[in-house]
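Below: the structure, in structure tokens.
Where a number appears in this text, it was derived from the coordinates with a stated rule and is not lab data. Just so you know, these numbers come straight off a predicted model, no measurement behind them. Glycine gets a Cβ as well: all are built from the backbone with ideal geometry, and neighbour counts include every protein chain shown.
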Amino acid sequence: MLATPADAPSSAYIQIRGVSKTFEDASGGSVLALREIDCAIEEGSFVSIVGPSGCGKSTLLRILAGLLPASHGSVVMDGQPISGTRRDVGMVFQSSILLPWRSILDNVLLPAEVLGLDMAVARRRAMELLELVRLQGFEHKLPRQLSGGMQQRASIARALLHDPKVLLMDEPFGALDAMTREQMNLELQRIWLESGKTVVLITHSILEAIFLGDVVFVMTPRPGALRRVIRVHLPRPRRMDVMASPAFSETANQIRELFSHAGSFE
Ligand SMILES: Nc1ncnc2c1ncn2[C@@H]1O[C@H](COP(=O)(O)OP(=O)(O)O)[C@@H](O)[C@H]1O
Ligand SMILES: [Mg+2]
């Protein structure tokens, strides 16, 4: 069963309406990556997206970020159709893509330079954000002097520097070991609760998706369509031991079931 447009109230902060994406390949053929995605993302909510590899998750996020145009359909954010990159969006990628020759502080300040913000104001905000992601004292270090988890926290601070309403994250913790990843999940929940941002997180981990999400969008194999929107009714703030609760396991099983029916369990 595909999610219906009834899941997409017109008052939502982000409305994705009939979005499809076709890529042309080098030999003149075309690949349908996304197929008629219809959904809505409420302001201040935490949305997790899971789906098989290659189903179009990153493509969808790049369309939301205005980095890639949709082939059909539209995305409306805060009442305006997206037609390019926007100031109210911040993005975090799988690898932290910090510039190796710049200090952590100067990396966090990068968007201020790009957007031409007042540097004194940006510097104060950068220091506050480094505190939020618990990197105070590391501002003058180089990226290579920090662990992978710390580098990802710096990337989150950088994505928040210009105070975007929406934070888009593409498998940000995929390269981290399991323990660091759990720690990052707790940190991200705290940052989200403290900042009030709307977060869209792509993850390979069903457990991470449920632990963090208010809703989990489950996608089909390519061409990626929205298979199901699953609401997560677990109180906040969540602790790791919530994963042992029956409600958590039921939700995880529901999602696994959707994957196994699609013949692409991962
Ligand atoms: N720039 C591109 N040109 C051609 N094909 C692409 C491009 N980007 C992605 N694709 C194809 O679109 C499909 C979805 O890719 P992607 O969004 O990266 O999937 P996911 O993030 O879910 O793994 C894949 O088949 C991929 O090869
Ligand atoms: Mg991807």
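I'm checking my understanding of the structure. Among residues of the stretch 52-70 that are under 12 Å from I37 (Cα atoms) and of a type in the set (G, A, S), which one is surrounded by the most Cβ atoms within 10 Å (Cβ to Cβ)? Within the stretch 52-70, the match that is surrounded by the most Cβ atoms within 10 Å (Cβ to Cβ) is G56. Among the residues of the stretch 92-114, the one identified as within 16 Å of ligand 2 (Cβ to nearest atom) and either part of a helix (DSSP H, G or I) or buried (at least 22 other Cβ atoms within 10 Å of the Cβ) (or both) is V92. The set of residues in the stretch 134-158 being in contact (Cβ under 8 Å) with a residue 40 or more places away in the chain and crowded, with 23+ Cβ neighbours inside 10 Å consists of Q152, A154, S155, I156, A157, R158. Here R62 clears all of (1) within 16 Å of ligand 2 (Cβ to nearest atom); (2) in contact with a strand residue (DSSP E or B) (Cβ under 8 Å, 6 or more places away or on another chain); (3) not in a loop (DSSP other than H, G, I, E, B) except the condition numbered (2). Scanning the stretch 115-133 for residues that are among the small types (G, A, S) and loosely packed, with under 14 Cβ neighbours inside 10 Å yields G116, A120.
Yes or no: the stretch 148-171 includes at least one residue that is closer than 19 Å to R236 by Cβ, within 16 Å of ligand 1 (Cβ to nearest atom) and within 15 Å of the chain's Cα centre (by Cα). For the stretch 148-171, residues closer than 19 Å to R236 by Cβ, within 16 Å of ligand 1 (Cβ to nearest atom) and within 15 Å of the chain's Cα centre (by Cα): present.
Within the stretch 218-233, can one find any residue that is surrounded by fewer than 16 Cβ atoms within 10 Å (Cβ to Cβ) and at negative phi? Yes, the stretch 218-233 contains a residue that is surrounded by fewer than 16 Cβ atoms within 10 Å (Cβ to Cβ) and at negative phi.
Residue check: is V200 within 16 Å of ligand 2 (Cβ to nearest atom), farther than 28 Å from A120 by Cα, buried (at least 19 other Cβ atoms within 10 Å of the Cβ) and touching a residue at least 24 places away in the same chain (Cβ under 8 Å)? In short, yes.
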